[in-house]
Amino acid sequence: MELLKQRILQEGVVLSDQVLKLDALLNHQVDPMLTMEMGREFAGRFADAGVTRVVTVESSGIAVAFATAYEMKVPLVFARRKKTLLADPDALCERVPSFTKGIVTDIMLSRQFISADDKVLFIDDIIANGDAARGLIKIIQRSGAELVGLGVVVEKSFQAGARTIREQGIRLESLVRIMSLSEGTIVFDE
Ligand code: 5GP
C-alpha cells in the first residue's frame, strides 16, 4: 500500500534497529481516512473468504479492525487484555508476552462472541515475534471457529513472527513489509 509507505516514511520514528514508533498513525493517534483505506484494502483481499467476524486484540488493532469489519459488514470482536470482575467465567484466555512493554498479559475473548460457526478474519497492527498473534490464534482455534487469515498493517519481516505463522499454513496478508530498521533507516520489502 503505497500511501501507507509514504506516511510511515514521513511520520514513523525509528527507535532502534528493532522498533519503529508509529504513534502518529497506529498506536496513539489515528487518521480515520487512512484507516478506512486500510480497512478497504483488507476487505478486498479477503472478500471471497466468507468472513462472519473480524477479531483483534485491544487496543491498537481496534481502529483498523473496525474499518475492515465496517467494509465487510460483519461484527468486530476485540480480545481484552485482562480479566475484569465482569469477565465471563467461560471466556477463552491465553497468556502472551508483550513485545514493547516487556511484560506478560492475559488476553481473553468471551465464547459469547465467537463460535464454531464463525469464519474469522484476524486483523492486527504490527507483527514482530508473533507472540500476540499466536495467543489470539490459539483462542480462535479453541473456539472451534475457522481462521480464514490474518491481516497486519505492518509486518517486520526481519523478525520471525509472520514467517512462523505462514509456516503453520495460515494466510497472512500485510499492507507493508519492513525488512530493516538498521542505522535509523526504514527499508521496505518490495
Ligand atoms: P509480537 O507479539 O509480534 O512480538 O509484537 C506484537 C505487538 O507488539 C504489536 O501488536 C505492537 O503493538 C507491538 N510492537 C511490536 N513491534 C513494534 C514496533 O516496532 N513498533 C510498535 N509501535 N509496536 C510494536
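The values are calculated or read from the model by the stated rules, or taken from the named source; none is laboratory data. Note that the coordinates shown come from a computational prediction; the quantities given were computed from them, not determined experimentally. Quick reminder, even Gly has a Cβ in these numbers, built from the backbone with ideal geometry, and neighbours come from all protein chains shown. Just the protein is used for accessible areas: all its heavy atoms, side chains included, with ligands, DNA and RNA removed. Shrake-Rupley method; radii C 1.70, N 1.55, O 1.52, S 1.80 Å.
Applying the Karplus parametrisation 6.51 cos²θ - 1.76 cosθ + 1.60 with θ = phi - 60° to the phi angles of segment 74-79, what ³J(HN,Hα) value in whole Hz is obtained for each residue in order, glycine and proline being reported as x?
10, x, 10, 10, 10, 5
Keeping all protein chains in place, calculate the accessible area per residue for the chain (probe 1.4 angstrom), answer in Å².
50 Å²
With a 1.4 Å probe and all protein chains left in place, how much of the accessible area of the chain comes from carbon and sulfur atoms, in whole percent?
51 percent
Could you name the lysines in cross-link range of Lys138, using Cα to Cα under 18 Å and dropping any fewer than eight places away on the same chain?
Answer for Lys138, where 18 Å is the Cα cut-off: Lys82, Lys83, Lys119, listed by chain and number.
Determine, for each peptide in 55-65, 7-17, the mean count of other beta carbons within 10 angstrom over its residues, then list the peptides with the highest first.
Packing order, densest peptide first, comes out as 55-65, 7-17.
Could you give the nm distance between label points at Gln112 and Val13, where each point is 7 Å from its Cα heading toward the beta carbon?
Roughly 4.0 nm, to one decimal.
Choose one of Ile114, Val14, Gly130: the residue whose Cα lies farthest towards the positive end of the charge dipole of the chain (beta-carbon charges +1 Lys, Arg; -1 Asp, Glu; about the Cα centre).
Among Ile114, Val14, Gly130, the one farthest towards the positive end of the dipole of the chain is Ile114.
Assigning unit charges at the beta carbon (Lys, Arg +1; Asp, Glu -1) and nothing else, what dipole magnitude in debye, to the nearest 20, does the chain show about its Cα centre?
It works out to roughly 520 debye.
So for the chain, considering every pair of alpha-carbon atoms, how many percent are separated by more than 22 Å?
Distances greater than 22 Å cover 43 percent of the Cα pairs.
Once amide H atoms are placed 1.01 Å from N in the peptide plane, what residues at a sequence separation of 5 or more from Gly149, or on another chain, have their amide H within under 5 Å of its amide H?
Close amide H contacts, sequence-distant or interchain: Phe122.
Can you compute the helix-only [θ] at 222 nm over the chain? Use -39500 (n - 2.57) per DSSP H run of at least 4 residues, normalise by all residues, nearest 500 deg cm²/dmol.
Helix contribution divided over all residues of the chain: -9000 deg cm²/dmol.
Where does each of 128-139, 171-182 land if you order them by average Cβ count within 10 Å, highest first?
128-139, 171-182
Express the relative contact order of segment 2-188 as a whole percentage, based on alpha carbon pairs under 8 Å and six or more residues apart in sequence.
It rounds to 20 percent for segment 2-188.
Hey, what do the phi angles of segment 179-184 turn into as Karplus ³J(HN,Hα) couplings, whole Hz, using 6.51/-1.76/1.60 and θ = phi - 60°, x for Gly and Pro?
8, 7, 10, 5, 6, x
Between Thr185 and Arg163, what is the FRET efficiency for a Förster distance of 25 Å, r being their Cβ-Cβ separation, to the nearest 0.05?
FRET efficiency, Thr185 to Arg163: 0.65.
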